[in-house]
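Peer 1: Handing you a structure now.
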Amino acid sequence: MSASPDFGLPQRTIDTIRRILAEVPEVEKAVIFGSRAKGTYRPGADIDLALFGPKLDLDTLGRIAGQLDESPIPYQVDLCLFDLIDHPGLREHIERVGKVFYERERQDRTPGCDGG
């Protein structure tokens with residue numbers, strides 16, 4: 001059962017968020033953290049996601065946030081760019097309790113991004 005954790009979210013919500021992230025090539029990975037990753041969430045708790053990708057910037061983050069706000073999911077989604085987090089405690093929390101929520105397939109990544 002732990003092979004596919006649902007983080008207390010309906011599958012439709014998970015699929016919607018993953019679809020939105022998949023449409024943004026700059027997103028290589030999203031890690032869920034906070035109460036949903038720890039399993040201590042309450043009904044209606046927000047969804048905390050840290051986004052990873054060398055080409056991510058604040059404009060892209062805003063675009064993703066807008067798409068999530070316009071989607072039919074009934075939860076607040078709080079996004080952050082992991083590389084821009086300057087609070088050591090938050091970075092440590094994400095590294096310690098975070099769980100991969102979305103990861104782009106290798107063949108979906110933009111060619112040449114790895115310097116090769």
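Peer 1: When you go through (1) in contact (Cβ under 8 Å) with a residue 60 or more places away in the chain; (2) over 18 Å from residue 80 (Cβ atoms) one by one for residue 16, which number turns out not to apply?
Peer 2: (1)
Peer 1: Quickly run through segment 69-111 and pick out the residues that are hydrophobic (A, V, I, L, M, F, W, C) and closer than 20 Å to residue 41 by Cα.
Peer 2: Scanning segment 69-111 gives 73, 77, 79, 80, 90, 94, 97, 100, 101.
Peer 1: Within segment 59-70, identify whether any single residue is at pLDDT 95 or above, over 24 Å from residue 96 (Cα atoms) and among the β-branched types (Val, Ile, Thr), and answer yes or no.
Peer 2: Yes: one or more hits.
Peer 1: I'd like the full set of residues that are assigned to a loop (DSSP other than H, G, I, E, B) and either without any contact (Cβ under 8 Å) to a residue 24 or more places away in the chain or touching an Asp or Glu at 6+ places or on another chain (Cβ under 6 Å) (or both), limited to segment 76-86.
Peer 2: Matches in segment 76-86: 76, 86.
Peer 1: Among the residues that make up segment 7-24, is at least one of them within 20 Å of residue 66 (Cβ to Cβ), at pLDDT 95 or above and part of a loop (DSSP other than H, G, I, E, B)?
Peer 2: Yes, there is a match, as at least one residue in segment 7-24 is within 20 Å of residue 66 (Cβ to Cβ), at pLDDT 95 or above and part of a loop (DSSP other than H, G, I, E, B).
The values are calculated or read from the model by the stated rules, or taken from the named source; none is laboratory data. As the structure is a computational prediction, the values presented were derived from the model and not from experiment. Counting neighbours? That spans all protein chains shown, and the Cβs are built from the backbone with ideal geometry, glycine included.
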